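Rule-based calculations on the coordinates, nothing more; no lab input. From a predicted model like this one, the values you see are computed outputs, not experimental measurements. So basically every Cβ, Gly included, is an ideal-geometry build from the backbone, and we count neighbours across all protein chains shown.
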Amino acid sequence: MMDSSVKIINEWDIVAARQLGRNVAKELGFGTVDQARITTAISELARNIYLYAGQGEITIEKVENGAKKGMTIVSRDEGPGIPDLRKVMEDGFSTSGGLGAGLPGVKRLMDEFSIESTPGEGTLIQSVKWLR
Amino acid sequence: MNMRIPILKLHDCLLISIQWELDDQTALQFQEDLLHKIHETSARGVVIDFTSIDFIDSFIAKVLGDVISMSKLMGAKVVITGIQPAVAITLIELGIRLEEVMTALDLEKGLEKLQRELGD
């Protein structure tokens with residue numbers, strides 16, 4: 001399986017990451033609604049990196065689990081980390097003054113979602129969308 | 001790489017059709033351009049058409065919501081049109097509600113709605 005990554009350093013990288021995601025989603029045969037979900041989720045994750053961590057990386061992977069096919073979006077940064085994970089997963093919580101619908105939105109757009117974060121070390125978010 | 005979104009004047013309305021994927025800078029530039037154009041032309045109504053747009057993230061939604069409120073402050077009413085099914089679904093799932101915003105299915109219906117609102 002081919003993996004592809006986009007380094008997130010500036011605003012243009014957010015555009016590059018979601019374009020990569022959209023292309024892979026199309027290739028895999030996702031419909032227009034799932035393509036929009038995936039593109040939006042990547043945009044939110046990439047923006048979080050840009051706003052909170054300064055820099056990081058979005059990696060898109062195709063996955064297979066038995067008969068199921070899908071795609072994984074991995075967001076990785078070595079930023080300040082998230083001290084209270086439970087709080088950032090609450091709807092309406094955002095530390096950037098209303099910018100970004102935040103992680104609960106991304107979780108709803110995707111089928112699987114997991115987050116690990118260590119203050120001072122960074123954040124790793126993995127999410128999967130399965131082809132129906 | 002920074003492209004400006006064209007803003008067309010039609011009688012006392014402004015028409016905008018977003019034709020390509022918006023990056024942050026283009027969206028912010030558009031916000032400023034639209035407000036200047038309202039001021040310049042004394043437009044009373046604005047239609048922003050999204051027919052060609054296949055996703056809107058929270059940043060674009062925020063810029064859009066803001067520019068609608070800003071236009072209102074200047075006395076212009078804004079209708080947004082052409083939101084695709086996939087865009088409507090993802091915006092709501094994302095948790096974004098543009099509830100105070102006037103909407104219409106397409107540009108034609110948007111202009112009709114605006115004319116009624118403006119009492120012409």
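Some observations on this one:
- Anisotropy class of the protein assembly as shown from Cα gyration tensor, a/c 1.5 cut: prolate
- Every helix of 4 or more DSSP H residues in chain A counts as -39500 (n - 2.57), and over all residues that averages to -10500 deg cm²/dmol at 222 nm.
- Summed over qualifying helices (DSSP H, 4 residues or more, each -39500 (n - 2.57)) and divided by its residue number, chain B shows a 222 nm mean residue ellipticity of -15000 deg cm²/dmol.
- Other protein chain Cβ atoms within 10 Å, averaged over every residue that makes up B:91-104: 3
- Label-to-label distance, nm, for residues given as A:Ile9 and A:Arg132 (7 Å Cα→Cβ offset): 4.0 nm
- Charges were assigned to the Cβ only: +1 to each Lys and Arg, -1 to each Asp and Glu. The resulting dipole of the protein assembly as shown about its Cα centre is roughly 400 debye.
- Cβ-based exposure ranking for A:Ile9, A:Ile42, B:Ile53, in which fewest neighbours within 10 Å come first: A:Ile9, B:Ile53, A:Ile42
- Neighbour net charge for A:Met110 - beta-carbon separation under 9 angstrom, K R +1, D E -1: +2
- Evaluated at q = 0.16 Å⁻¹: base-10 log I(q)/I(0), Debye formula over Cα of chain A: -0.74
- Computed over chain B: relative contact order in percent, which uses C-alpha pairs under 8 Å that are six or more apart: 25 percent
- Estimated FRET transfer efficiency (B:Glu40, A:Asp84; beta-carbon r; R0 45 Å; 0.05): 0.40
- Put a dot 7 Å past the Cα of B:Asp54, heading toward its Cβ, do the same for B:Leu8, and the two dots end up 2.4 nm apart.
- C-alpha center-to-center spacing [segment B:94-113, segment B:51-67] in angstrom: 12 Å
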